Every structure is written in structure tokens, then in C-alpha cells.
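For reference, the structure is listed below as C-alpha cells.
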């Protein structure tokens, strides 16, 4: 059994709960205000049934500003990242962090079996894990030539 499995740290142990979610029709400015007020780097975008349709990140907001998309009542759905990159609550945190590293992302939505958002894992959260697990992740990344 790998060392990370022995540690038993799951995404549900570190995820931010509840996740900040916004509807697809909210404007770019509104989501930026929410993210600023909550001091977060991303929000999960959901449809009218509460299912995740994407994620909006600080990078998406920088894109919107550089392309002059602000101040025009443009919905966040037009700039959000549509992704299938997620974690599950009982997934080992090392697996989730490895997925984030490989994909070059800093935020990973955590969804339940019905694909409802139940949390968010950020690299900042992952840095708070126990020292043995962090050493394991770094060792594995080094083996892979990162």
C-alpha cells in the first residue's frame, strides 16, 4: 500500500465547505465582487438545478479585464472554464493534488455522486496537509521528473 494511502487523508478532510457557487447568468462584475468579498480564488458555476457547469477563477477574471469584457453585463458563463476536472469527497488527497499539478490548476471542485458541488480544494488547502504526505507528493513528483 502506498504511503499516501496509509495516511488516509481524503479530499473531504481538507475541502472548503460549503463551496462558493454562482449561477451561470451572474455577471462578471458580480462574481468578481463575491470572490473579492469572500477572499477566494475561484467559484463553481452552476445551472438552475445546482449542477456544476464550470468554474471561474482569478485567471478568467484577468482575461475578462484584458479583453474589455467588464461593464457590459456579460454573464460569467461566457468566461468560465468548462472542465471535467473534479475530485470526489472520499478520494485520497494525494491523488487530487497530483491531478491538480498535472493539469496546472490551483482549484479543484469536489462533487458528490449526483455531480452537486459539495466543496473546493485549493493548492493552499493542500499545503496544509501533514508533513509526511507533502514529502510523499514531492518525492513522487521528483521521480516523474517535475
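The values are calculated or read from the model by the stated rules, or taken from the named source; none is laboratory data. As the structure is a computational prediction, the values presented were derived from the model and not from experiment. All Cβ positions, glycine included, derive from the backbone under ideal geometry; neighbour counts span all protein chains shown.
Numbers below:
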| quantity | calculated |
| --- | --- |
| Residue in segment 84-99 that is out of contact with any helix residue (DSSP H, G or I) (no Cβ under 9 Å at 6 or more places or on another chain), part of a loop (DSSP other than H, G, I, E, B) and farther than 20 Å from residue 8 by Cα present | yes |
| Test set (1) exposed (fewer than 11 other Cβ atoms within 10 Å of the Cβ); (2) closer than 19 Å to residue 11 by Cα - residue 107 fails condition number | (1) |
| Among (1) under 19 Å from residue 127 (Cβ atoms); (2) without any contact (Cβ under 8 Å) to a residue 60 or more places away in the chain - the single one residue 35 does not satisfy | (1) |
| Residue match in segment 50-60 (condition: more than 15 Å from the chain's Cα centre (by Cα), free of Cβ contacts under 8 Å to residues at least 12 places away in the same chain and assigned to a helix (DSSP H, G or I)) | no |
| Residue ID - modelled with the highest pLDDT, chosen from residues in segment 15-37 that are assigned to a loop (DSSP other than H, G, I, E, B), surrounded by 15 or more Cβ atoms within 10 Å (Cβ to Cβ) and out of contact with any helix residue (DSSP H, G or I) (no Cβ under 6 Å at 6 or more places or on another chain) | 19 |
| Filter result (in a loop (DSSP other than H, G, I, E, B) and either touching a helix residue (DSSP H, G or I) at 6+ places or on another chain (Cβ under 9 Å) or within 16 Å of residue 13 (Cα to Cα) (or both)) within segment 110-121 | 112 |
| So residue 94, is it within 30 Å of residue 141 (Cα to Cα) and free of Cβ contacts under 8 Å to residues at least 40 places away in the same chain | no |
| Meets criteria (part of a helix (DSSP H, G or I), at pLDDT 90 or above and under 24 Å from residue 18 (Cβ atoms)) for residue 64 | no |
